[in-house]
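Presented below is the structure to which this report refers.
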Amino acid sequence: MRHLLSIALLGLVVGLGLFGVYQTWFSGQHVALAGTGDNVSGWAWSENIGWISFNCTNENTCANSNYGVGVNASTGNFSGYAWSENIGWIKFDPSGPYPSQPNSSAKLSLGNNQVIGWARACAGAANADCSGGTSPVSGGWDGWIKLRKHASDGGGVPDYGVSVNPATGAFSGWAWGADVVGWVSFDQVVVAPGIFNQPPSTPPGSLRVTAANSADYCGITAFPPVRVNWQFNDPDQGDAQSAFQIQVFQGGNLVVDTGKKTGSSQSYIFQLTGEQLLWNTAYSWQLKVWDSKDTSSSFASGPNFTTPSHHFPAPNFSSQPTSPGIGEQVQFQDQTVFGPGSFSKAWAWDFESNNSVDSSLQNPTHAYAIPGSFQVTLQSSDDVGSCTTVKPLNIGVSLPEWQEISPF
């Protein structure tokens, strides 16, 4: 009986309604136009009404009837018309009111690639553009086609829905169009996969913490400037990193959250106010990245790390006399500031006398044989690392010694 009712309704729609629809769309100007956004092609299949064409390119009929369905890459909204030889135009962005939830026309949820909302066969509508109420010649059939079961439909309705594979653009699954259209398979429908923005990721193992090194740690005594690194990966060709967010935890408690930071760099060092970490402390961290289209990855966990036990040496020194001459002994006085608990302290002095290390004493002396401007280098080291400072020293020509002698 159900199939007989479907056939009867279909006959009524085809016999009374479609002539007006066909005449509206094919006579004079072509209203259903396929533009550059009509990126869906292929065929859907219904046992009740047969094949449904999603683009005039399927049959090379665009010169006579230029139609098509499109999906907006930014919003996921569908637009345009498909065509069935048995029931005519099917509009994928019909206006409401809609029969039930969701209260929207067809839409691709870019987060999970599921198609939701409604399409409508215009032969069931009061107006040929799918607007208005129910067509008076449709026998009560309103033309609505639901693309996915909604939670409000209840447990008595079987699960169904249309989805899209973002890698291939292939549709799959079923829609439901009541008794006239019935179940519609989308397995032969495809959209250009390039319109989808797939989320980026950070490859496993790419998240790293750079070992404490002089480039980052020298000159810093207040807090450890930890540097983290990662790699950005995106399956969409040409998509680059636009932003990132790093969260740091101590014992499970969030202690640093950079928030969403704009930038393409895949390296970051904690050194801003509010990002100060503690010395000799264990931390865990995680990272999220955004692509050029502002789509984010999930948080990925990086390797745990422990900051150094104290700050790197802060080397400094003074020398006497301040204006030494040739052959005069210069006394160098170490003024390095070592971190609390520092051990294995060491000094390496270079007086620019063609030796890499002229002295390893803490407070050495040195005499210069020639005048000139020299660069004195002190490298101070301890158990966590080493840092270097350089100061100029000018050696002048010594004044002649004189002694007053009585002329008598």
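The values are calculated or read from the model by the stated rules, or taken from the named source; none is laboratory data. Since the structure is predicted, the reported quantities are computational estimates derived from the model, not experimental observations. Neighbour counts are summed over all protein chains in view; Cβ atoms, including those assigned to glycine, are modelled from backbone coordinates with ideal geometry.
What to note about this one:
- Unmet criterion (only one of (1) within 30 Å of SER109 (Cα to Cα); (2) more than 11 Å from the chain's Cα centre (by Cα); (3) among the acidic types (Asp, Glu)) for ASP294: (2)
- Residue match in the stretch 309-332 (condition: aliphatic (A, V, I, L, M), assigned by TED's automatic domain parsing to the domain that holds TYR368, in contact with a Pro (Cβ under 8 Å, 6 or more places away or on another chain) and at pLDDT 95 or above): yes
- Flag for SER104 being among the polar types (S, T, N, Q) and crowded, with 17+ Cβ neighbours inside 10 Å: no
- Residue ID - farthest from ASN280 (Cα to Cα), chosen from residues in the stretch 246-266 that are surrounded by 15 or more Cβ atoms within 10 Å (Cβ to Cβ) and either among the aliphatic types (A, V, I, L, M) or touching a Leu at 6+ places or on another chain (Cβ under 7 Å) (or both): ILE246
- Candidate set from the stretch 223-232 (those that are assigned to a loop (DSSP other than H, G, I, E, B) and in contact (Cβ under 8 Å) with a residue 60 or more places away in the chain); member that is surrounded by the fewest Cβ atoms within 10 Å (Cβ to Cβ): TRP230
- Residue among SER65, SER138, SER95 that is farther than 15 Å from GLY177 by Cβ, over 40 Å from the mean Cα position of the chain (by Cα), hydroxyl-bearing (Ser, Thr, Tyr) and part of a loop (DSSP other than H, G, I, E, B): SER65
- Residues of the stretch 221-240 that turn out to be under 15 Å from THR281 (Cα atoms) and of a type in the set (Val, Ile, Thr), as a count: 1
- Of all residues in the stretch 247-285, those being part of a loop (DSSP other than H, G, I, E, B), of a type in the set (D, E, K, R) and farther than 17 Å from THR202 by Cβ number 1.
- ASP234 vs. criteria of a type in the set (Asp, Glu) and either in contact with a Phe, Trp or Tyr (Cβ under 9 Å, 6 or more places away or on another chain) or in the same structural domain as VAL337 (by TED's automatic domain parsing) (or both): no
- Among the residues of the stretch 307-327, those identified as under 19 Å from THR377 (Cα atoms), in a loop (DSSP other than H, G, I, E, B) and more than 54 Å from the chain's Cα centre (by Cα) are PRO321, THR322, SER323, PRO324.
- Any hit, the stretch 194-215, residues being closer than 30 Å to TRP279 by Cβ, touching an Asp or Glu at 6+ places or on another chain (Cβ under 8 Å), free of Cβ contacts under 8 Å to residues at least 60 places away in the same chain and outside any loop (DSSP other than H, G, I, E, B): no
- In the condition set (1) touching a residue at least 12 places away in the same chain (Cβ under 8 Å); (2) in contact with a Phe, Trp or Tyr (Cβ under 9 Å, 6 or more places away or on another chain), THR134 is compliant with all but (1).
- Candidates are the residues of the stretch 158-178 that are of a type outside the set (Gly, Ala, Ser) and buried (at least 18 other Cβ atoms within 10 Å of the Cβ); the one that is modelled with the lowest pLDDT is PRO166.
- Qualifying residue in the stretch 73-80 (condition: among the aliphatic types (A, V, I, L, M), under 40 Å from the mean Cα position of the chain (by Cα) and buried (at least 23 other Cβ atoms within 10 Å of the Cβ)): no
- Filter pass, PRO235 being of a type outside the set (Gly, Ala, Ser), modelled with pLDDT under 95, crowded, with 18+ Cβ neighbours inside 10 Å and not in a strand (DSSP E or B): no
- Across the stretch 359-400, the number of residues qualifying as farther than 13 Å from GLN329 by Cβ, in contact with an Asp or Glu (Cβ under 6 Å, 6 or more places away or on another chain) and not in a strand (DSSP E or B) comes to 1.
- Identity of the residue in the stretch 141-178, part of a strand (DSSP E or B) and among the small types (Gly, Ala, Ser), that ends up farthest from the chain's Cα centre (by Cα): ALA175
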